Amino acid sequence: MLKFKPLASAALLVASGLAALATAPAAFAQAKEQFFPVLVYRTGAYAPNGVPFANGYVDYLKLVNAKGGINGVKISFEECETGYATDKGVECYERLKGKGATVFQPLSTGITFALTEKAPIDKIPLITAGYGRSESADGGVFKWNFPLAGTYWVAADVLVQNIGQKEGGLDKLKGKKIALVYHDSPYGKEPIPLLTERSKQLGFELQLLPVTAPGVEQKSTWLQVRQNKPDYVLLWGWGVMNSTALKEAQATGYPREKMYGVWWSGAEPDVKDVGEGAKGYNALAMQHGAGRSKVHTEVLKLVHEKGQGTGPAEEVGTVLYTRGLMSAMLGVEGVKRAQERYGKGKVMTGEQVRWGLENLALDQAKLDALGFAGVMRPISTSCADHMGANWARVHTWSGKAWQFSSDWIEADAQILKPMVKAAADKYAAEKKLTRRTPEDCQS
Amino acid sequence: MLYRENGQFKTSYRADQQIFPIRQDRVVIVAFLALAFVVIPGLASEYMLRAILVPFLILSLAAIGLNILVGYCGQISLGTGAFMAIGAYAAYNFNVRIEGMPLLLSLVMGGVCSTAVGVLFGIPSLRIKGLYLAVATLAAQFFTDWAFLRIKWFTNDSSSGSVNVSGLQILGWHIDTPADKYLFCLGLVCVCALMAKNLVRGHIGREWMAMRDMDVAAAVIGIRPVYAKLSAFAVSSFFVGIAGALWGFVHLGSWEPAAFSIDRSFQLLFMVIIGGLGSIMGSFFGAAFIIVLPIVLDNLPYWFGIPVDTALASHLTNMVFGALIVFFLVVEPHGLARLWSTAKEKLRLWPFPH
């Protein structure tokens, strides 16, 4: 016998939900506020790394508001949960773009690939600081993508150079075996072209060991590592894959000192659980590392002490938190630069912010004034170069903290420039785009 | 009172055998199609079109395909994501490698390739049934996951493994705006749904249903099991392949193999179960439930003005969603389509109690 009442109430709930959806308030841009959409993943397999980044990002936006906004323009923001899934990321993008979105930073290479198609049509710039497509550093083809502060090819090159330094010179790498344990996704496959190029040039053997996403199953990979005995292992993981890799390395007895992770594999969540077992593990530090500078003190004083902190205060100063701060800072500086041209104190559109991001000139003095002394090096972008800086350092886990173990290393532009240009040209040919004209660059 | 067939006499077999024999049904359907084709593209917001209606249409097409296999023919399949992936990548390869390939033809060829692979993975169904067949189709899912990650030819030797399509156009009509994409998907889904409905109403559909109900008895009365089961796999994979191609081309634009992972297979199976096994209408209900409801639940706190942390909102969505699934299956195990037809039955008597 069909029970009518609970059925009717359920139908009513769904119907009201759908009706509410249909009459959802039309998104209007707050005329006086700069809206920053914040794509985060606080759930799922990548949440341990996504949460501190998101907290840092939001904290910096709150800090800017506490200091009076961007030349008086307050920032409004809204978080949207993507769970690192491309379709949810696209849905968040669609939901938030109508509110006058300034810039999108998806923190996911998969979502970046999807949004790279959509952002030019919607005229919203995409900052992919330290991730995304490596060829998007070429602003002549990728007008709306900004892989500020570094791409994966820069990362791979700096790692190779650092290993070369350890060996006593790049020529000593000839005949060595380097294995790449990577997340089997566009993110993990990004460094392969550069590593292949370097292996041809320097004569080392490159072994590719993919790990199926999300990366909790790595026993067979590390057994292969044990059999092959590579001289160095490069780790290109994210989320739980990183800590699992370190635990497996410990289990199979591979020396952690010989492991080098990319900057997404070198943060506290990756090594905290493993603790002493990860001692000696090296990872890239994209510009910043762990440790506090003036900006962290300001965040603690103006945001956390007022009870506005997004996460726990102990998190301030951790690697991923600082990366969130840095990414938000780059977005805000893009708006500030756009205001210099289009009107100080006014709300900037996506197109104007794009110009701002393309003409960033953050020298050391400006960075120090913003509170990033000792954290970042100067970044300056141009029409041809949307990356702005190609320096990085290596830091090592001491068992308790991350400590810098190398100087600033610059990625070799001689190798990178032609590769980036060739890949960008290939993309342009596929999409039937033409390279931007010099006039377009000036505009 | 409203939903009576009084006075509606059929004077030809053709009229008697039509899909909607009752005039009220026909009126409602025409009005609904007019709403869908004319009113919605004009009035709906871009978000509604792009993020809700287009995925709903594409996944309901995939659900129709899976319903044919699971609901009408009784062959459990957990490899739907695989067939969507095959459709998407096949259509992509046809599109990218053949200069000037028309869009519709690449979509259809995606469906055809998916059909071929579907029949291949359907061969185990001739020997095994039920849960064991589910495991065999799961093998299809993992096999395609592996194939599209490892075999570079499928992704046109892309170094990142991610592929993209843009510049869709049919005979000069450029499918750029969300309204265009919505209309394109709507047109395709209407055509495919009509095809599916007519197939299941015909002798092929009856063969499938006979195989589902009791395959030994069906074989005894002369229905060839090989033909029935493999044709179910073939037709199902065709629709699922086209849906996969649409998902990649129209909805995502740029995708990697993870877009068609096992989560997608489960999602489609849930759509079919909740919507109603063995019902074309049920596929639409199930797709609406599974796609629209989580988005509504995600947005509900904002509409009521309650600020909720995004992680909590995401977890709440999962919990409420799960609870609703359990609730609907308890109240009506045959799915939302059965609820709908029960409602129509009661509407025939209304306002009288019996």
Inset, instruction - Read through the list (1) more than 14 Å from every other protein chain (Cβ to nearest Cβ); (2) over 13 Å from the mean Cα position of the chain (by Cα), then give the number of the only condition that residue B:193 fails. - result: (2)
Inset, instruction - Read through the list (1) over 21 Å from the mean Cα position of the chain (by Cα); (2) buried (at least 21 other Cβ atoms within 10 Å of the Cβ), then give the number of the only condition that residue A:185 fails. - result: (1)
Inset, instruction - Can you tell me which residue within the stretch A:357-412, out of those that are touching a Pro at 6+ places or on another chain (Cβ under 7 Å) and exposed (fewer than 14 other Cβ atoms within 10 Å of the Cβ), is farthest from residue A:289 (Cα to Cα)? - result: A:363
Legend entry - Per-region count, the stretch B:165-178, residues among the small types (Gly, Ala, Ser) and within 14 Å of chain A (Cβ to nearest Cβ): 2
Legend entry - Breaking point among (1) over 15 Å from the mean Cα position of the chain (by Cα); (2) away from chain B (no Cβ under 12 Å); (3) modelled with pLDDT of 90 or more, for residue A:105: (1)
Legend entry - Test: residue A:434 is within 30 Å of residue A:272 (Cα to Cα) and of a type in the set (Ser, Thr, Tyr): no
Inset, instruction - Starting from residues that are touching a Phe, Trp or Tyr at 6+ places or on another chain (Cβ under 6 Å) and free of Cβ contacts under 8 Å to residues at least 40 places away in the same chain, keep the ones in the stretch A:65-97 and report whichever is nearest to residue A:114 (Cα to Cα). - result: A:94
Inset, instruction - Look at residue B:278 and say whether it is farther than 25 Å from residue B:104 by Cα and crowded, with 24+ Cβ neighbours inside 10 Å. - result: no
Inset, instruction - Say whether the condition of being more than 8 Å from every other protein chain (Cβ to nearest Cβ), loosely packed, with under 14 Cβ neighbours inside 10 Å and touching a helix residue (DSSP H, G or I) at 6+ places or on another chain (Cβ under 9 Å) is met by at least one residue in the stretch B:242-264. - result: yes
Legend entry - Members of the stretch A:156-172 that are of a type outside the set (Asp, Glu) and either outside the structural domain of residue A:192 (by TED's automatic domain parsing) or surrounded by fewer than 24 Cβ atoms within 10 Å (Cβ to Cβ) (or both): A:161, A:162, A:163, A:164, A:165, A:166, A:168, A:169, A:170, A:172
Inset, instruction - Would you check if there is a residue in the stretch A:400-422 being within 14 Å of chain B (Cβ to nearest Cβ) and basic (Lys, Arg)? - result: no
Legend entry - residue B:197 being of a type in the set (Lys, Arg), assigned by TED's automatic domain parsing to the domain that holds residue B:107 and modelled with pLDDT of 95 or more: yes
Inset, instruction - Go through (1) more than 18 Å from the chain's Cα centre (by Cα); (2) surrounded by 22 or more Cβ atoms within 10 Å (Cβ to Cβ); (3) under 30 Å from residue A:138 (Cβ atoms) and name the single condition residue A:285 misses. - result: (1)
Legend entry - Residues located in the stretch B:305-323, provided they are more than 9 Å from chain A (Cβ to nearest Cβ) and of a type outside the set (Val, Ile, Thr): B:305, B:307, B:316, B:319, B:321, B:322, B:323
Inset, instruction - Mind listing just one residue for me: the one in the stretch B:137-164 that is surrounded by 21 or more Cβ atoms within 10 Å (Cβ to Cβ) and under 22 Å from the mean Cα position of the chain (by Cα) and, of those, farthest from the other protein chains (Cβ to nearest Cβ)? - result: B:137
Legend entry - Of residues in the stretch A:214-264 being among the charged types (D, E, K, R), in contact with a Lys or Arg (Cβ under 7 Å, 6 or more places away or on another chain) and outside any loop (DSSP other than H, G, I, E, B), the one surrounded by the most Cβ atoms within 10 Å (Cβ to Cβ): A:248
Inset, instruction - Kindly provide the set of residues from the stretch B:324-347 that are within 12 Å of another protein chain (Cβ to nearest Cβ) and more than 15 Å from residue B:273 (Cα to Cα), ordered by number. - result: B:341, B:342, B:343, B:345, B:346
Inset, instruction - Using the structure shown, decide if residue A:138 is more than 17 Å from the chain's Cα centre (by Cα) and more than 12 Å from every other protein chain (Cβ to nearest Cβ). - result: yes
Inset, instruction - Would you be able to say whether some residue in the stretch A:85-98 is within 12 Å of chain B (Cβ to nearest Cβ) and among the polar types (S, T, N, Q)? - result: yes
Inset, instruction - Would you be able to tell me the number of residues in the stretch A:51-88 that are part of a helix (DSSP H, G or I) and either aliphatic (A, V, I, L, M) or at pLDDT 90 or above (or both)? - result: 16
Inset, instruction - Give the stretch A:377-430 a look and list any residue that's farther than 19 Å from residue A:130 by Cα and part of a helix (DSSP H, G or I), or say none. - result: A:414, A:418, A:422, A:425, A:426, A:427, A:428, A:429, A:430
Inset, instruction - For residues that are small (Gly, Ala, Ser), touching a Phe, Trp or Tyr at 6+ places or on another chain (Cβ under 7 Å) and farther than 16 Å from residue A:64 by Cα, tally how many sit in the stretch A:314-353. - result: 1
Inset, instruction - Return yes when residue B:350 is at pLDDT 85 or above, under 27 Å from residue A:90 (Cβ atoms) and over 16 Å from the mean Cα position of the chain (by Cα) and no when it is not. - result: no
Legend entry - Top-ranked residue of the stretch A:108-121 - restricted to ones that are touching a residue at least 40 places away in the same chain (Cβ under 8 Å) and β-branched (Val, Ile, Thr), ranked as nearest to the other protein chains (Cβ to nearest Cβ): A:109
Inset, instruction - Taking the residues in the stretch B:64-122 that are free of Cβ contacts under 8 Å to residues at least 12 places away in the same chain and outside any helix (DSSP H, G or I) as candidates, determine which candidate is surrounded by the most Cβ atoms within 10 Å (Cβ to Cβ). - result: B:101
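The values are calculated or read from the model by the stated rules, or taken from the named source; none is laboratory data. In this text the structure is predicted, and so the values were computed from the model without any measurement. Positions of Cβ are backbone-derived with ideal geometry, glycine not excepted, and every protein chain shown enters the neighbour counts.
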